[in-house]
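A.B. asks: Sharing a structure, written as structure tokens. Questions coming.
The values are calculated or read from the model by the stated rules, or taken from the named source; none is laboratory data. All values reported here derive from a predicted model rather than from experimental measurement. All Cβ positions, even for glycine, are placed from backbone atoms using ideal geometry, and neighbour counts span all protein chains on display.
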Amino acid sequence: MEENKEVSASLEAEKQVSKTSGLKPKDYFGYALGDFAGCMAFASVTTLLQRYYTDVFGLSPLFILIMFMVARVWDAINDPMMGRIVDKKKPGKQGRYRIWMKIAAIPLAVATILLFLPWPGLISNMGKIGIMVYATITYIFFGMVYTMHQIPYGSLASVVTTDDKERNGLSVYRSIGAALGNIPILLITMLWTVKKDVDGATVEMVDYTRTIIGIAIVAVLVGVLLFFGYKLNKERVVAKATENKEKAKLSVILSNLLKNRSFVAISLVGMLLLAGQMFTQSFYTYLFSYKFEKGWMNLVSMAMTYLPMVILMPFMGKLIRKFGKKEICAFGAFLAAAANLALFAMRGVTNLDLLSFIFLAFCFISGFGLSIITLEIWAVATDAIDDVEVKTGMRNDGSAYSIFMFFRKLGQVLAAIVVNVALLSIHYLTEDGAINKVAITENVGMFYDLATIIPAVIFGAMGLIMLLLYGLNKKKTDELQVAKKEMLAKQIENDEIAVGEEATTDN
């Protein structure tokens, strides 16, 4: 008798999940547009802004480092605040989460352009203090607007579908969108430098006009793609508003999240992944200019990093089903670490042409490992949040993703510390803000050493965290999905949420 009840409950759960499944290609495409647009804006920061600040604005690496750290202090307040705003927003016809894609579209486009203004004539009139103030305000403003988009967007996957396989698919498409978002920025890196004479030496310097034209085009694309993303997405699970429903305090929510080892683990991995990606994207622009003197390597290295995504994408579902998310992500991190460690061991190769091709080949191997994590990290984060909900009976997607995103922003600080300490140690800029060609020539080997050993350490740490701290192995993840389905059925039965046609929002 008891067995019959369990079977009946399982069938009911499957029936309810079926109402939120059956995604079509347009659903995956629409979801991918969110990170395509977001990563175009964000890549301008991770790839261009560091060098733009030193070469065009003439800002000291020490100031840049302090500014980045101050911005993260504000994020510690702003991100959870945005998460609570999203969680408390009453679901409407335009949804609780996807509406923010439309709200953030124009502000994010404007914020991206402002990062790279003012015009050269205004730079000379503002003076150093004025430029520092301007850079700080625009950088923090960009971070706030980016948060306005990313936290609701990250939460969106949990209400687009409750089917585990389809969530994996959304994670893969999101990562593909993010990879595509880097391409316009990399095209800018191929065109943004010009050769100039500095104290009798030829130096590759960032050209303001070329850069701002490219950024303006990118900003328009960001706004347009977010509007299309809003139109193509649909929320299939909506929490019903109840007058007497008690709202959990932020302190309780944070406590539940930070007590969950899987959530903490994937947050740390997200932090280190972004730190490694941001470090390499930013630091490679210096490495390829001064060590290899081949600007085209920026685009090719990124192609070598993201090409594995295209290769892996058709096989990720099978790999996950056979090995599990935790297991395969740990393998990917260790593979990336090994590739960078091998590059560090080759630092004695004196033939730069040969070394450049070796470097790009190992970028492909490293990219293969990182692609595994990049394609799955959002699905893994959703699993961890599901684990918190099943264990506590509480789900606050906005708050959960705000903490996850804050950890990722800490990765920016980690990358900024390493990059700017390196630039300070070799005296990259003179006291008056000019490029110090003599110091660069004397210390050019350091660019290569740091560009290889630092990622090796970061990616190795990611592998250890996934292996030792993340608690949801393949078996436990399967058990979690069963528990999640049963909870969904109870929530529908108790009239706490609406699914399927009842939850349909206008498109």
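A.B. asks: For segment 259-276, enumerate the residues that are touching a residue at least 12 places away in the same chain (Cβ under 8 Å) and within 13 Å of residue 384 (Cα to Cα).
C.D. replies: Going through segment 259-276, the residues touching a residue at least 12 places away in the same chain (Cβ under 8 Å) turn out to be 260-276.
If the condition is that a residue be touching a residue at least 12 places away in the same chain (Cβ under 8 Å) and within 13 Å of residue 384 (Cα to Cα), then 260, 261, 262, 263, 264, 265, 266, 267, 268, 269, 270 are the ones that fit.
Residue-wise test of (1) surrounded by fewer than 16 Cβ atoms within 10 Å (Cβ to Cβ); (2) at pLDDT 80 or above; (3) basic (Lys, Arg).
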{"residue": "416", "(1), (2), (3)": "no, yes, no"}
{"residue": "420", "(1), (2), (3)": "no, yes, no"}
{"residue": "424", "(1), (2), (3)": "yes, yes, no"}
{"residue": "433", "(1), (2), (3)": "yes, no, no"}
{"residue": "437", "(1), (2), (3)": "no, no, yes"}
{"residue": "447", "(1), (2), (3)": "no, yes, no"}
{"residue": "451", "(1), (2), (3)": "no, yes, no"}
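A.B. asks: Here is a follow-up. Somewhere in segment 17-34, is a residue assigned to a helix (DSSP H, G or I) and at pLDDT below 85?
C.D. replies: Checking segment 17-34: at least one residue is assigned to a helix (DSSP H, G or I) and at pLDDT below 85.
A.B. asks: Moving on to the next point. Tell me yes or no: at least one residue of segment 69-79 is under 21 Å from residue 180 (Cβ atoms) and at pLDDT below 85. Walk me through it before giving the result.
C.D. replies: Restricting attention to segment 69-79, the residues satisfying the condition of being under 21 Å from residue 180 (Cβ atoms) are none.
No - not one qualifying residue is present in segment 69-79.
A.B. asks: Of 354, 341, which residue is without any contact (Cβ under 8 Å) to a residue 60 or more places away in the chain, surrounded by fewer than 20 Cβ atoms within 10 Å (Cβ to Cβ) and part of a helix (DSSP H, G or I)?
C.D. replies: Numbers: 341 fails: without any contact (Cβ under 8 Å) to a residue 60 or more places away in the chain.
Among 354, 341, only 354 is without any contact (Cβ under 8 Å) to a residue 60 or more places away in the chain, surrounded by fewer than 20 Cβ atoms within 10 Å (Cβ to Cβ) and part of a helix (DSSP H, G or I).
A.B. asks: Any residue at all in segment 196-216 that's assigned to a strand (DSSP E or B), surrounded by fewer than 13 Cβ atoms within 10 Å (Cβ to Cβ), charged (D, E, K, R) and at pLDDT 70 or above?
C.D. replies: No: segment 196-216 contains no residue that is assigned to a strand (DSSP E or B), surrounded by fewer than 13 Cβ atoms within 10 Å (Cβ to Cβ), charged (D, E, K, R) and at pLDDT 70 or above.
A.B. asks: Still on this structure: What number of residues within segment 289-316 satisfy the criterion of being crowded, with 21+ Cβ neighbours inside 10 Å and of a type in the set (D, E, K, R)?
C.D. replies: Number of matching residues: 1.
A.B. asks: While we're looking at this one, here's another question. Considering every residue within segment 126-136, establish whether at least one is under 20 Å from residue 104 (Cα atoms) and either in a helix (DSSP H, G or I) or touching a helix residue (DSSP H, G or I) at 6+ places or on another chain (Cβ under 7 Å) (or both).
C.D. replies: Applying the first criterion (under 20 Å from residue 104 (Cα atoms)) to segment 126-136 yields none.
There is no residue in segment 126-136 that is under 20 Å from residue 104 (Cα atoms) and either in a helix (DSSP H, G or I) or touching a helix residue (DSSP H, G or I) at 6+ places or on another chain (Cβ under 7 Å) (or both).
A.B. asks: Further question on the same structure: Test residue 261 against the stated conditions and say whether it is at pLDDT 75 or above, basic (Lys, Arg) and surrounded by 21 or more Cβ atoms within 10 Å (Cβ to Cβ). It would help to see each step written out before you state the result.
C.D. replies: Numbers: at pLDDT 75 or above: yes; basic (Lys, Arg): yes; surrounded by 21 or more Cβ atoms within 10 Å (Cβ to Cβ): no.
Here the answer is no, as residue 261 does not meet what is asked.
A.B. asks: Something else now. Go through segment 86-107 and give me each residue that's modelled with pLDDT of 85 or more and within 17 Å of residue 396 (Cα to Cα). Reasoning before the result, please.
C.D. replies: Our first condition is that a residue be modelled with pLDDT of 85 or more; within segment 86-107, this holds for 97-107.
Scanning segment 86-107 gives 97, 98, 100.
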